[in-house]
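The structure appears right after this line, and notes come after that.
The values are calculated or read from the model by the stated rules, or taken from the named source; none is laboratory data. Predicted model, so just to flag it, every value in this text is computed and none were measured. Cβ placement follows ideal geometry from the backbone for every residue including glycine, while neighbour counts extend to all protein chains displayed. For the accessible areas, the whole protein counts, side chains as well, though only heavy atoms, and no ligand, DNA or RNA atoms are used. Shrake-Rupley method; radii C 1.70, N 1.55, O 1.52, S 1.80 Å.
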Amino acid sequence: MICGIGILGAVHTLGEQRFRPCTAPTCRGVFIDTTRPGRRRYCMPGLCGNRINVANHRARQAAPRGRGSAQ
């Protein structure tokens, strides 16, 4: 009950647009973005954000390189 009142207060103060879902494709989490610019994308940047960064890195490493010629 107390947690719900706290969340309601944060949403009321910051605005409902700051209450959003995590953008990681495999996550169903939601969060309240309390950052000044309001650009947070993940519920847990250290977990969800890191998973996305690792996946992007691995995809870049696995992509064939189009530069240079093989002789």
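How much area per residue is accessible in the chain when the probe is 1.4 Å and only protein heavy atoms are counted (Å²)?
Numbers: 6110 Å² over 71 residues.
In whole numbers, the chain has 86 Å² accessible per residue.
Given the DSSP H assignment, sum -39500 (n - 2.57) over each helix run of at least 4 residues in the chain and divide by its residue total; what's the result at 222 nm in deg cm²/dmol, nearest 500?
Details: 2 runs with 26 residues, N = 71.
Here the helix-only value at 222 nm equals -11500 deg cm²/dmol.
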Report summary line: Whole-Hz Karplus couplings 3J(HN,Hα) for region 49-63, θ = phi - 60° and coefficients 6.51, -1.76, 1.60, Gly and Pro as x, run x, 5, 4, 5, 4, 5, 4, 5, 4, 5, 5, 5, 5, 7, 5
Report summary line: Of the accessible area of the chain, computed with a 1.4 Å probe and all protein chains kept, carbon and sulfur make up a percent value of 57
Report summary line: Candidates for percent of Cα pairs over 16 Å apart are [x] 45; [y] 53; [z] 62, and the calculated one carries label [z]
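Just tell me the longest site-free run in the chain, where the sites are trypsin sites (Lys or Arg not before Pro) in a DSSP loop having at most 10 other beta-carbon atoms within 10 Å.
Value returned for the longest uninterrupted segment is 1-27.
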**Report entry** Cys residues of the chain counted as unpaired, since no other Cys beta-carbon is under 4.7 Å
**Finding:** CYS3, CYS48
Report task. Measure off 7 Å from each Cα along the Cα-to-Cβ vector at THR35 and ALA10, then give the distance between these two points in nanometres to one decimal. Result -> 1.5
Query raised in the report: Roughly what angle does helix 2-14 make with the longest principal axis of the chain, taking Cα atoms, 0 to 90 degrees, to the nearest 10?
Result: 70
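What is region 1-40's relative contact order, in percent, from Cα pairs under 8 angstrom and six or more apart in sequence?
Details: 27 pairs, mean separation 11.7, N = 40.
It rounds to 29 percent for region 1-40.
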